[in-house]
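Before any comments, here is the structure.
The values are calculated or read from the model by the stated rules, or taken from the named source; none is laboratory data. Source: prediction; values computed, not measured. Counting neighbours? That spans all protein chains shown, and the Cβs are built from the backbone with ideal geometry, glycine included.
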Amino acid sequence: MDIDKILDILEKTYPDAKCELNYKTPFELLVATILSAQCTDERVNKVTKDLFEKYNTPEDIVNLGEENLQEIIKSCGLYKSKAKKIVQTCKILIEKYSGNVPNEIEKLVNLPGVGRKTANVVLSNAYNIDAIAVDTHVFRVSNRIGIIESKDPKDAEFKLMNIIPKQRWSKSHYLLIFHGRRTCKAKKPDCSNCSISNYCKYFKEKKGEV
């Protein structure tokens, strides 16, 4: 499979593919990404617009407190769990990292509410470190197309890292997300309007070519 060709086509198809969460600092991106779990970026941006105007440091969030944070982020869903993890993470950032967000995945994934996907989003966008964040779209699309075969997001991440050139890791994450949101949807993939259908395992199987 010509992964460079697929990515080239997707870049032309989605020239606007990028992180759609609004943030100004690594800390704001970290919080926004935690909030984005099972929630749209659009909703998160509405919530963080108000939140970050007054509370945009770990100290601010700790002083705000868990219950008050819950009220602000309520519309994001899972707000009690998210508020608890964000406050816990803020305390650790203050105690261990002088209020700064670390730029190493091993340190990031030890923060409450931070898995590999969130860590990689922070690394690639806030610190310009090559990384592939595997969310539901990336996992579904990369398996469906046939770029990889994987049943586990972490395994998928490492397989994609082996196949995709390192300098394209961060961008490919958003190309696959945009393709998953706009064309290669979970329940009804729009194969007739897909720019990479000629390279797609799923499409070929559907046509009986595989």
Check your understanding: Scanning for something buried (at least 17 other Cβ atoms within 10 Å of the Cβ) and either under 20 Å from residue 174 (Cβ atoms) or among the aromatic types (Phe, Trp, Tyr) (or both), does the stretch 55-77 turn up at least one residue?
Key -> yes
Check your understanding: Is it the case that residue 130 is at pLDDT below 95 and under 19 Å from residue 29 (Cβ atoms)?
Key -> no
Revision key, fill the gap. By residue number, the members of the stretch 1-24 that are in contact with a Lys or Arg (Cβ under 8 Å, 6 or more places away or on another chain) and assigned to a loop (DSSP other than H, G, I, E, B) are 14, 17, 22
Review point. Residues in the stretch 13-32: is at least one buried (at least 21 other Cβ atoms within 10 Å of the Cβ) and either farther than 26 Å from residue 178 by Cα or modelled with pLDDT under 95 (or both)?
Key: no
Exercise for review: Scan the stretch 33-53 residue by residue and report those that are surrounded by fewer than 16 Cβ atoms within 10 Å (Cβ to Cβ) and closer than 15 Å to residue 113 by Cβ.
Suggested key: 38
Check your understanding: Of all residues in the stretch 172-208, which are among the aromatic types (Phe, Trp, Tyr) and without any contact (Cβ under 8 Å) to a residue 24 or more places away in the chain?
Key -> 203
Revision key, fill the gap. Checked against (1) closer than 21 Å to residue 18 by Cβ; (2) modelled with pLDDT of 95 or more, residue 156 satisfies every condition except (1)
